[in-house]
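The values are calculated or read from the model by the stated rules, or taken from the named source; none is laboratory data. The shown structure was predicted, so the numbers you read here are calculated from the model rather than taken from an experiment. All Cβ positions, even for glycine, are placed from backbone atoms using ideal geometry, and neighbour counts span all protein chains on display.
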Amino acid sequence: MRRLCAIAAVLGCYPLLLVASLWPSPVAFGVLAAASYLAEYVAPTRARAFLSLLSRVHLGVTLRFVVREMAALLLVARTAGPDSPWFVAMAAGLFAMHGMRAVQTGLAIRLRQTLNTMPVVTHNLDVSALGIPRMPPEFLVNYRGMRFLYLDVLPVLGASAGAFAGAMGAGLSLLLGAAGALALLPYVRRAAPLSDPDRVIEVVGHQVRAYGPEVILYFSGATQAAYQARMWLPILERIGRRAVVVLRERAMARHMEDTTLPVLCIPSSADLMGFHALSSASLCLYVANVGKNIHMLRIPNLRSAFIGHGDSDKEASFNPFSKVYDEVWVAGPAGRDRYLRAGVGVRDENVYEVGRPQLQGISTEPPRRKVKTVLYAPTWEGWTDDLYHMSLTTMGPRIVRALLDHSPRIRVIYKPHPLTGHRDRAAARAHREIAQMIRDSGDSRHKVVRGLEPHLYDCFNDADLLISDISSVVADFLASGKPYAVTNVAGLPEKVFHERYPSTEAGVLLGEDLAGLAEFLDGEDTMACARAKLRTYLLGPEFPDGLARFDAAVERVCGG
């Protein structure tokens, strides 16, 4: 309903403005003009798709603003006459205001382009020699926000008060536009040297050589997948070798700002392969199999190791692409066996069991509360149409409804995968349905967790039970020693399912009919010993711990 109101307001105001100006009725014009500004302000959040359609048929926001200004000029012409000097002054002022707005927008674009085309973006490195200017206030550079278009509110609303007020409003708008352009000039001037890529690379390269990195964490991907690299940052901060993070997408750099490690973002493959300041490194760690990995893999004398972003029974944990790396690091014997069973070309002598160092913060103690907390953490839809691992679209709402209806002593935490809905709209709809279901329950104990905080492992510590899909969540949860259930979305026979997905052997199997859910929630825990045995198989021995084993693997390569 709100969307329809926003569309009606945008479509209806401008014809009525023209009628009010030709009538002429200054009061009606003023009311309609104010309403049209409000409609333009609200519409982007209520009817974005509709506004995009208007732009495609050449009725974009700039043209709509000009139409409103034209109506204001018509109103002045009808009330004061076209020969009035104030009419001429207002027309000239509006024309000049748009010219000045174009200058200001051009400067904002120039500044952003200069900063966004630097060959290297850094964090935690001293690049003060580049003289990178601080960004000016956001309203001066966010030209997509079209804030300076709204300067015409002064002459347009002024026109409803008379020709003199309209002319004065146009003059004041022109002055404000000029002030905005002048405010940007120093920033543009200071940023000009950054357009020299050779100088930027030289300054950054000098700092990187002074740091002398020994280990590289390389990552490329969508910003929603930043968690894949972020999970390794605290680990690399604690190893005995100097580490640096190398990214390929500029937007990704903002997701790594809370690390103490030096961060480099090098978008160009040519710049990356020619960035010799990284030559001191002996080891490059890869957390995802993506096409841009090939650019780093081509650098000679740099040993490559695939560490992934969590061990699971998914195909990603035995991807044929993994054979391009010198080594593949897995958590425990299960990771080695996956590659042996899959026969994808990864040689067994190139697989190393290094533990799962991220799991040290997972508690084995159950939460101390009277209610039983169930964490539902489904995986996402994946990059292809093979949905057999994801329960969200087929079972998710029914699982959450069953949990909410089961008993007032059941508390629900719902934490979807960060990429949920990235490819499949049905997954996004199921997520919204579950979130609304939890909100409608009226019980503040239930939680929907989306975003960086609280972390997945914090949710583990807050939960008594886990319901999940085939994913690394299951293997990681085994570190807690608590009971878990896994969805059998494909409807496979139990024996076949356990053989294909060994991480499920110590858990309860949930089919489409959710049979066994009530017993999982209320029954006795009889699988504690099985979980302990499976934990060692999936994650490796408890001693030495995961961090010590991972650090030893790094030392083997860097110290060899």
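Which ones in the range 501-553 are touching a helix residue (DSSP H, G or I) at 6+ places or on another chain (Cβ under 9 Å) and β-branched (V, I, T)? Answer for the range 501-553, where residues must be touching a helix residue (DSSP H, G or I) at 6+ places or on another chain (Cβ under 9 Å) and β-branched (V, I, T): T504, V508, T536.
On the stretch given as the range 495-507, residues that are hydrophobic (A, V, I, L, M, F, W, C) and surrounded by fewer than 18 Cβ atoms within 10 Å (Cβ to Cβ) total 1. Look at the range 390-404: where a residue is farther than 9 Å from V489 by Cβ and a partner is among the β-branched types (V, I, T), sitting 6+ places away or on another chain with Cβ atoms under 6 Å, you get G396/I434; P397/I434; V400/I434; L403/V374; L403/I410; L403/V412. Of L492, L478, all but one fail to be closer than 20 Å to S317 by Cβ, surrounded by 21 or more Cβ atoms within 10 Å (Cβ to Cβ) and of a type outside the set (S, T, Y); the exception is L478.
Summed over the range 277-294, the residues that are in a loop (DSSP other than H, G, I, E, B), touching a helix residue (DSSP H, G or I) at 6+ places or on another chain (Cβ under 7 Å) and under 20 Å from Y227 (Cβ atoms) give a count of 3.
Please tell me if D424 is without any contact (Cβ under 8 Å) to a residue 40 or more places away in the chain and assigned by TED's automatic domain parsing to the domain that holds A402. Judged against the criteria, D424 is not a match.
Quick one: in the range 244-276, which of the residues that are in a helix (DSSP H, G or I), over 18 Å from the mean Cα position of the chain (by Cα) and of a type in the set (G, A, S) is surrounded by the most Cβ atoms within 10 Å (Cβ to Cβ)?
It comes out as S269.
Taken together, A281, A316 contain a single residue that is in the same structural domain as P234 (by TED's automatic domain parsing), in contact with a Pro (Cβ under 6 Å, 6 or more places away or on another chain) and either modelled with pLDDT under 95 or of a type outside the set (K, R) (or both), which is A281. Residues in the range 293-307 that are crowded, with 18+ Cβ neighbours inside 10 Å and touching a residue at least 60 places away in the same chain (Cβ under 8 Å): 4 in all. Considering the conditions (1) in a loop (DSSP other than H, G, I, E, B); (2) at pLDDT 90 or above; (3) among the basic types (K, R), R401 is excluded by exactly one of them, (1).
Considering the range 398-433, and only residues there that are of a type in the set (D, E) and farther than 21 Å from E519 by Cβ, the residue that is surrounded by the fewest Cβ atoms within 10 Å (Cβ to Cβ) turns out to be E433. Scanning the range 223-243 for residues being out of contact with any Asp or Glu (no Cβ under 6 Å at 6 or more places or on another chain) and either surrounded by 14 or more Cβ atoms within 10 Å (Cβ to Cβ) or outside the structural domain of A281 (by TED's automatic domain parsing) (or both) gives a total of 14. So which of D458, D476, D462 is outside the structural domain of S312 (by TED's automatic domain parsing), of a type in the set (D, E, K, R), without any contact (Cβ under 8 Å) to a residue 12 or more places away in the chain and over 21 Å from R401 (Cβ atoms)? Just one listed residue meets the conditions, D458.
Looking only at helices (runs of 4 or more DSSP H) that lie completely in the range 1-97, which have at least 2 residues being more than 30 Å from the chain's Cα centre (by Cα), surrounded by fewer than 19 Cβ atoms within 10 Å (Cβ to Cβ) and in the same structural domain as A170 (by TED's automatic domain parsing)?
2-22, 26-46, 61-80
Does L182 fit the bill of being surrounded by 16 or more Cβ atoms within 10 Å (Cβ to Cβ) and assigned to a helix (DSSP H, G or I)? Considered against the rule, which asks whether it is surrounded by 16 or more Cβ atoms within 10 Å (Cβ to Cβ) and assigned to a helix (DSSP H, G or I), L182 comes out as no. Determine, yes or no, whether V153 is of a type in the set (V, I, T) and assigned to a helix (DSSP H, G or I). Yes, satisfied.
Being farther than 23 Å from I239 by Cα, modelled with pLDDT under 95 and of a type in the set (A, V, I, L, M, F, W, C) is a property that does not hold for A530. Taking each residue of the range 522-534 that is over 23 Å from R409 (Cα atoms) and looking for partners that are outside any helix (DSSP H, G or I) with beta-carbon atoms closer than 7 Å, six or more apart or interchain, yields A530/E505; A530/A506; R531/G481; R531/A506; A532/G481; L534/E505; L534/A506.
Looking at the structure I just gave you, is S322 among the hydroxyl-bearing types (S, T, Y), crowded, with 20+ Cβ neighbours inside 10 Å and outside any loop (DSSP other than H, G, I, E, B)?
It is true that S322 is among the hydroxyl-bearing types (S, T, Y), crowded, with 20+ Cβ neighbours inside 10 Å and outside any loop (DSSP other than H, G, I, E, B).
Of the residues making up the range 223-245, none is of a type in the set (A, V, I, L, M) and farther than 27 Å from V354 by Cα.
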